[in-house]
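These notes are about the structure you will find just below.
Every number here is computed from the coordinates shown, using simple stated rules; none is lab data. Every value quoted in this text rests on a predicted model; they were computed, and no experiment measured them. Glycine also receives a Cβ, built like all others from the backbone with ideal geometry; neighbour counts cover every protein chain displayed.
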Amino acid sequence: MRIGLGVAAVVLLLAAPAAVGDPFIQRVAALVLLTAISASAWNLIGGYAGQVSIGHAVFFGAGAYASLLVFKLFAWPPIAGAPFGIAVSLVLALLIGVPTFRLRGHYFSMATIAVAELIRIVVGNWPLLGAAVGLMGPAVPRGLADLSFLSPLPYFYIFAAVEAALLWVTWAMARSRTGYYLRAVRAGERAALSLGVPVLRYKLVALLLSAGFTALAGSLYAVMVGYVDPESVLGILVSVQMVIVAALGGAGTLFGPVLGAVILVPVQQATNAAFGGSGSGLTYIVYGAIILAIARFRPGGLLELLHWRPRRAA
Amino acid sequence: MILAQVIVSGLLLGAVYALFSSGLTLIWGMMNVVNFAHGDFVMLAMYVAFVAYTLLHLPPLVFVPLAAALLFLLGLFVYAAIIRHVTRGPMLAQILSTFGLALLLRYTAFWIFSANFVTLPDTLVGGTVAIGGLRLQAARLLAGAVALVLTVGLHLLLTRTALGSRLLAVAEDRAAAQLVGIRPDRMQGLAWGIGAASTGIAGALIAMFYYISPTVGESLALIAFVTVCLGGFGSVPGALLAGLAIGVIEALSAYLIGAVYQDVVVYALFVVLLWFRPQGLLGQA
């Protein structure tokens, strides 16, 4: 019965953007899913493993740049760059993760932000990558492989498929040995170590999965938007977006990042539409306040709030 | 001669880095919390100096202590209102609380002052001084000297006074300190106050010659992280040496490679340190 209801709800949600027919709403729906993908990917390491990355933009940017770079260099369809972006991300993840996962949690956070800034500055001065101007995708679609559509609907369905796959991976991971180990690590690293959990290895597994999917999200972004520059895909605000979406919905829960995206993306689109460029500053004041408030009062995010009430009543 | 000039101005800026990094290392050593808003505290102090000078025409002799006092209060407030409640929570809460605070401060400044870079006039602290063939900006010289004295002063406060002993006792073992009648909450709050005051002074000092912008705190925070890691966590003398070293490294890389890469060199140094010597140059393995 519950499964039947769930399936019906998912089918309804998937059909809704097509039924609405308004391209603006369809675009927002697609952006919600794209945001949910990167936040779900962040959630693997930040939520499940409890290792807070505040530089995930570096993985997102790797995917985004790789996509448009293969187009610039070889005239390949941008999505063909995704594997390269993922590969670069995995290397960067090892570079950050191997040394810091032996240290306490802060070091990982500091290293992520330092590497993200380092890469942003280097990319912003590297002519091959378009320096400060960035890279463009195909001006006109040359075929279906370019995945360049006028309507936001195809993107909505592509993103939905990717997010479904990512949620399945997350669910499978959480139920596997890796998931149990990660929960132990998050609850208390020293205790986990002394019980013989190979902490370093499992944190790395979570980080690599997370980095790979974040790079894929970056590639999808580049394919849809057709344009990248250092600030829009490597800036600290890209990392902030992932953190806040996951933490608002509920870090370390399966659907938390989705809930966060459903709430935040429409709000962000509305404030941008209402205030224009000057609204972005205000948006991030509010983001800062939300992150602070969640950390201070409700580290479990909104999903925890929903789960709590029935148990207390019972 | 130019090289000597570059190295000396690197040392002077490095002394200011050492001052605010000492604040970070004090907080970190006291309670194992990294203040991700540390750079934004410095930014705030820079704007305190800017507003005090442009609106109220206050001289550095007034606005530096003013920034120190305001940031001291901010530090106490942040500890009482936020940090005290998240230290026993999950790591996620600890990191996100100061990171959220950083964003809040940064974009509030952005909203009030806009993204434009501003500077205080060069003439604020009378032009340049010639010392042994080197021509140094008087403001940089003053900032470097004051920062050096205060960083050494902080070290003496921690190692030579009863208050310092109480602070270090809490850093070493919170529960044991409580048993001998020290209130850990007070000491930790005080550490936040002192740590933030160090950013207050440092920020007001560099405001005399550095560009002021809402996002300046991001790179300053990273500089403080590198300084603390290089100097060894919790160590003020380590932070002093590391701050000076990083000032010189930055100045040399700006001179030899190009100004846009000066931060890249410092961040790369951070990654190299994490790989090969995470306990810092002075720390024990």
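Miscellaneous remarks
- Chain A gives an Rg/Rh value of 0.97, both radii derived from C-alpha positions and Rh following Kirkwood.
- Euclidean distance of C-alpha centroids, the range B:49-88 and the range B:172-189, integer Å: 25 Å
- Near A:GLY250: Cβ cut-off under 10 Å, other residues only, Lys/Arg at +1 and Asp/Glu at -1. The net charge is 0.
- Electrostatic tally near B:ILE212: other residues with Cβ closer than 15 Å to its Cβ, Lys and Arg +1, Asp and Glu -1, net -2.
- The range B:112-164 shape via C-alpha gyration tensor axes, a/c threshold 1.5: oblate
- Within the shell defined by Cβ-Cβ distances under 14 Å, the residues around A:PHE71 carry a net charge of +1, with Lys and Arg each +1 and Asp and Glu each -1.
- Cβ-derived FRET efficiency at R0 45 Å, A:GLN269 paired with B:LEU281, nearest 0.05: 0.40
- Shape category assigned to the range A:177-314 from the gyration tensor of Cα positions, a/c cut at 1.5: oblate
- When B:MET1, A:MET173 are sorted by how many other C-beta atoms sit within 10 angstrom of their C-beta, beginning with the fewest, the order is B:MET1, A:MET173.
- Measuring r between the beta carbons of B:ILE112 and B:VAL62 and using R0 = 22 Å, the FRET efficiency lands at 0.50.
- Taking the number of Cβ atoms within 10 Å of each Cβ as an exposure proxy, the fewest-first ranking of A:TYR65, A:TYR181, B:TYR79 is A:TYR181, B:TYR79, A:TYR65.
- For the range B:137-150, 3J(HN,Hα) per residue [Karplus equation, 6.51 cos²θ - 1.76 cosθ + 1.60, θ = phi - 60°, Hz, x = Gly/Pro]: 5, 4, 4, 5, 4, 4, 4, x, 5, 4, 4, 4, 4, 5
- If R0 is taken as 60 Å, the Cβ-Cβ distance between B:ALA4 and A:LEU94 corresponds to a FRET efficiency of 0.90.
- For A:VAL199, A:VAL32, B:VAL272, order by how many other beta-carbon atoms lie within 10 Å, fewest first: B:VAL272, A:VAL199, A:VAL32
- Alpha carbon centroid spacing (whole Å) that separates the range A:29-60 from the range A:172-216: 16 Å
- Shape category assigned to chain B from the gyration tensor of Cα positions, a/c cut at 1.5: prolate
- Legend: mean number of C-beta atoms from other chains within 10 angstrom of residue C-beta atoms, peptide B:107-114, equals 4.
- Ratio Rg/Rh [Cα only; Rh per Kirkwood] for the protein assembly as shown: 0.98
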